[in-house]
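Here the structure comes first, spelled out in structure tokens, and everything after it is commentary.
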Amino acid sequence: MTAIARASNIRFPHRHLLGIEGLSPDEITLLLDLSESYIEYHRQADKKRAVLRGRTLINLFFETSTRTRTSFELAGKRLGGSVINMSVATSAIKKGETLIDTAMTLNAMHPDVLVVRHPDSGAVKLLSEKVNCALINAGDGSHEHPTQALLDALTIRRRKGRLNGLVVAICGDILHSRVARSNIHLLTTMGTRVRVVAPPTLLPAEIERLGVEVFNDMRRGLEDCDIVMMLRLQSERMHGTFVPSTREYFHFFGLDYEKLSAAKPDAMIMHPGPMNRGVEIDSEVADDIGRSAITEQVEIGVAVRMACLDMLTRTLPLSAAELA
Ligand code: CP
């Protein structure tokens, strides 16, 4: 299947990657299989490919990022494309230019792909209606972060051999987390049982409608689960007090070995990063090389972004550079 996914005549039936919600199991599997093949590429000494020759990718991040922005840059360069990282801090946005005017200005320079992160839910979809290049959502508010969910799913599939039938506990600040939403959509679509574990203040209303089981107690939520996925408290999205103190939060909801003992003995620990050690996760647990997949998630993130850039540019018309 991986070789089939790599075949350049296979197309992804969407122009943009705005979210996981609405993707079919076959579409998710296609992206995961292609990503799998790119893991081997980027472990080799010669990482350069010509898949994006003549293509231009612009990273437009209105929020901070280490993993997502760097891995899109690496992915674009390793596939032979030109990559521009727009610095929002030194752009005309600081003179009052709007988000849409900025995107339309960049669009007029004929990029092939725009990768956008924005603090407002729905902002990336809005831009997708204004541009004629492919658009990838690198995180919009608390809405979706599709490439994070794909890399999480591939990390799970590689370690556990499947997604179907596993029990995944997503723990922490579900309310403000785009990572949680994208993971819930992807995992439930692929037949995984998903639990969310959080204090009531950090759970969205009617979260059960997304097909998850809800727990307010870590030991009960982690009981016999295969995967423990921890989330950061997203203080930048909090207006008001959601937890009494980080110390008390760690006591009840921080992952330590005592709480982890409720999960299966071979349960895998995940975290999308950035981590707040001692708040949502104990340092020893995070660094447990036998059980933690946190650095593997980062590695797989580059392969997933290579696959998404490859797949989305397959449907674009050839640029002048390619025709030359
Ligand atoms: N997981 C994630 O999106 O990390 P960054 O904010 O560093 O991109």
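Where helices (runs of 4 or more DSSP H) fall wholly inside region 45-152, the ranges with 2 or more residues that are of a type in the set (Gly, Ala, Ser) and within 16 Å of the ligand (Cβ to nearest atom) are 67-78. Before we move on, is Ile39 within 16 Å of the ligand (Cβ to nearest atom) and aliphatic (A, V, I, L, M)? So Ile39 fails the test.
Applying a threshold of 6 Å to beta carbon distances and a minimum spacing of six or more residues, or different chains, the list of pairs starting in region 52-66 at a residue that is open to solvent by less than 40 Å² (accessible area, probe 1.4 Å) and ending at one that is of a type in the set (Val, Ile, Thr) and not in a loop (DSSP other than H, G, I, E, B) reads Arg55/Thr313; Leu57/Val83; Leu57/Val113; Ile58/Ile84; Asn59/Val115; Leu60/Val116. Of everything listed in (1) free of Cβ contacts under 8 Å to residues at least 40 places away in the same chain; (2) within 16 Å of the ligand (Cβ to nearest atom), the single unmet condition for Ile281 is (1).
Residue under question is Ile227, and the condition is that it be within 16 Å of the ligand (Cβ to nearest atom), touching a residue at least 60 places away in the same chain (Cβ under 8 Å) and surrounded by 22 or more Cβ atoms within 10 Å (Cβ to Cβ); does it hold?
Numbers: within 16 Å of the ligand (Cβ to nearest atom): no; touching a residue at least 60 places away in the same chain (Cβ under 8 Å): yes; surrounded by 22 or more Cβ atoms within 10 Å (Cβ to Cβ): yes.
So Ile227 fails the test.
Results for (1) open to solvent by less than 30 Å² (accessible area, probe 1.4 Å); (2) of a type in the set (Phe, Trp, Tyr); (3) assigned to a loop (DSSP other than H, G, I, E, B), shown as yes or no for each residue.
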{"site": "Ala263", "(1), (2), (3)": "yes, no, yes"}
{"site": "Met275", "(1), (2), (3)": "no, no, yes"}
{"site": "Glu284", "(1), (2), (3)": "no, no, no"}
{"site": "Ile289", "(1), (2), (3)": "no, no, yes"}
{"site": "Gly301", "(1), (2), (3)": "yes, no, no"}
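Among residues of region 171-188 that are within 12 Å of the ligand (Cβ to nearest atom), those with a beta-carbon under 7 Å from a residue that is acidic (Asp, Glu) and part of a helix (DSSP H, G or I) at least six positions away or on a different chain give the pairs Asn183/Asp152.
All conditions but one from (1) within 16 Å of the ligand (Cβ to nearest atom); (2) exposed (fewer than 15 other Cβ atoms within 10 Å of the Cβ) apply to Gln234; the one that does not is (2).
The values are calculated or read from the model by the stated rules, or taken from the named source; none is laboratory data. If you're wondering where the values come from, they're calculated on a predicted model, not measured in any experiment. Neighbour counts run over all protein chains shown; Cβ positions are idealised from the backbone, glycine included. Quick note on the areas: whole protein, heavy atoms, side chains included, nothing else; ligands and nucleic acids left out. Shrake-Rupley method; radii C 1.70, N 1.55, O 1.52, S 1.80 Å.
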